[in-house]
């Protein structure tokens, strides 16, 4: 089954377009893990392994997809890569889809080595994810090895089109049309050749739109691309701004949250719940409720 | 001492602006290492560790700087990260400068985690390199944590401005002025605040110019930035095209070669030399001679 079909099927099964970002900051882990992580890199990586297994027990039944952020594992060196591999495997044991957020981009055989690392199940060094985030700066031929490897693996890509940082426009808005539109058109073109029976493409896009009209613009420009939304304002009524990303079936996008879920154990209003897992579960369920209202109108 | 001063001092000491790229392809290692690398990821990583130690014994006395290509280590998972760390440490034992070619780029605290991983000597997970390649697509604020971390560590950056792949212009030439010029202007501006006593900045640029006039254009646009040149045509008279990158002291750029050095052991014309090390040494010395003629006019 194509990546997009697997993605929407999983979203339907869980009734949630939420994606949980795994961006572990050691000093903000729940207490027992935080204490263990204060040791050396090996101890910290071991703590992360146990933390993510426990976290995935909470979020696994509630969401369809997780997004490990490679940087927060790489900072622990080879021990961190071991913890990252374990998180991918633990997520797969919960039948979650894994979008590896590594934002890789290089040329030729180097792009191919990155693609094999993170997407190719026959590459033995590291467990394959279901999709990878890719930085397009180096151009179409530099993205080609990622596309080819994803095709062979039945995997997806999320190409950075417009990022969510305040200064995203610095280069992404350059030119007429803006660079982000040019990249979006490439994403649409790469996807057009690869659409599955339901019409969706495995070539998605990261769209950190900060206004509803901007999101609608990119949705129209890439009508068949799964969108990865960084989740601006999904809390409260602001989630309405995300509606343009979804079709009538609630398909079209996954919305990421990292800190609001990973730090839920610190929330004052949830201290009546003894376990960090219960606080985390509440935060995930709140997010899903807000997103369902937008994606499905329910 | 600032990164640029350390770089030119090392270039002067070795009499060579050559940089050796460590892009290990397992199937093209010299025979004994290739045979060992045919095992599992752990065996392959162990073979890479021994190979790079032996390679650095050859190139260490001959050049000033090496550039490990992270992708070819990452593909071996956590074992590969162990081999990458060992290569950095082995290069430093030879007093070589290490430019980590990881082309990282992300936002906020994620950029900071990447910067700490590869540049911060107080971050215990991975040995610090002397400089890191950075992808600018996400914008100025996304590059800021790399700049800040490099400042604190006395390290350098090489920002991707114009890459060397045939399709580099796909996005890098977009707009008027072209995007690559806009990025070059940012590199120049970031560097202007950071110039050392000799006038050089620690914020360098990757410039894969394919024509001498294009290289001269970027040199003029970033007059104080160390340039990392992918080394088009450094063999034969074509090295002349690189002259614009250098000042009268032979400073201003380092020129990378990977395959021409790493595969020198396969060269037909060098089979009279029994050891792969001797063939490699010849290739490095040839490169240095060609580059000295251009950089120093000698």
Selection within segment B:181-203 - closer than 9 Å to residue B:222 by Cβ and assigned to a helix (DSSP H, G or I): B:184, B:185, B:187, B:188, B:191
- prompt: Are any of the residues in segment B:206-220 touching a strand residue (DSSP E or B) at 6+ places or on another chain (Cβ under 9 Å), touching a residue at least 40 places away in the same chain (Cβ under 8 Å) and part of a helix (DSSP H, G or I)?
  reply: yes
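Just checking: which of the helices (runs of 4 or more DSSP H) contained wholly in segment A:1-76 hold 1 or more residues that are touching a strand residue (DSSP E or B) at 6+ places or on another chain (Cβ under 9 Å)?
Details: elements: A:3-14, A:31-37, A:41-59, A:71-74.
The helices (runs of 4 or more DSSP H) meeting that bar are A:3-14, A:41-59, A:71-74.
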- prompt: Under 6 Å by Cβ, and 6 or more places apart or on different chains, what pairs join a residue from segment A:1-12 that is more than 13 Å from residue A:226 (Cα to Cα) with one that is at pLDDT 95 or above?
  reply: A:10/A:64; A:10/A:97
- request: Look at residue A:144 and say whether it is assigned to a helix (DSSP H, G or I), more than 8 Å from chain B (Cβ to nearest Cβ) and over 20 Å from the mean Cα position of the chain (by Cα).
  value: yes
- prompt: Looking only at segment B:102-112, which residues are within 7 Å of chain A (Cβ to nearest Cβ) and in a helix (DSSP H, G or I)?
  reply: B:108, B:110
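Residue under question is residue A:252, and the condition is that it be on the phi > 0 side of the Ramachandran plot and exposed (fewer than 14 other Cβ atoms within 10 Å of the Cβ); does it hold?
Values: on the phi > 0 side of the Ramachandran plot: yes; exposed (fewer than 14 other Cβ atoms within 10 Å of the Cβ): no.
Judged against the criteria, residue A:252 is not a match.
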- prompt: Which residues, counting only those in segment A:239-277, are free of Cβ contacts under 8 Å to residues at least 60 places away in the same chain, touching a helix residue (DSSP H, G or I) at 6+ places or on another chain (Cβ under 8 Å) and assigned to a helix (DSSP H, G or I)?
  reply: A:239, A:240, A:241, A:242, A:243, A:244, A:245, A:260, A:264, A:270
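Can you go through B:159, B:99, B:88, B:134 and tell me which one is farther than 23 Å from residue A:133 by Cβ, crowded, with 24+ Cβ neighbours inside 10 Å and more than 9 Å from every other protein chain (Cβ to nearest Cβ)? I'd like the intermediate steps shown before the answer.
Numbers: B:159 fails: farther than 23 Å from residue A:133 by Cβ; B:88 fails: crowded, with 24+ Cβ neighbours inside 10 Å; B:134 fails: farther than 23 Å from residue A:133 by Cβ.
Of B:159, B:99, B:88, B:134, the one residue that is farther than 23 Å from residue A:133 by Cβ, crowded, with 24+ Cβ neighbours inside 10 Å and more than 9 Å from every other protein chain (Cβ to nearest Cβ) is B:99.
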- prompt: Out of the residues in segment A:113-129 that are more than 8 Å from chain B (Cβ to nearest Cβ) and surrounded by fewer than 24 Cβ atoms within 10 Å (Cβ to Cβ), which is farthest from the chain's Cα centre (by Cα)?
  reply: A:122
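The values are calculated or read from the model by the stated rules, or taken from the named source; none is laboratory data. Fair warning: this is a prediction, and the values are worked out from it, not measured in the lab. Don't worry about glycine lacking a Cβ; one is built from the backbone with ideal geometry, like all the others, and counts go over all protein chains shown.
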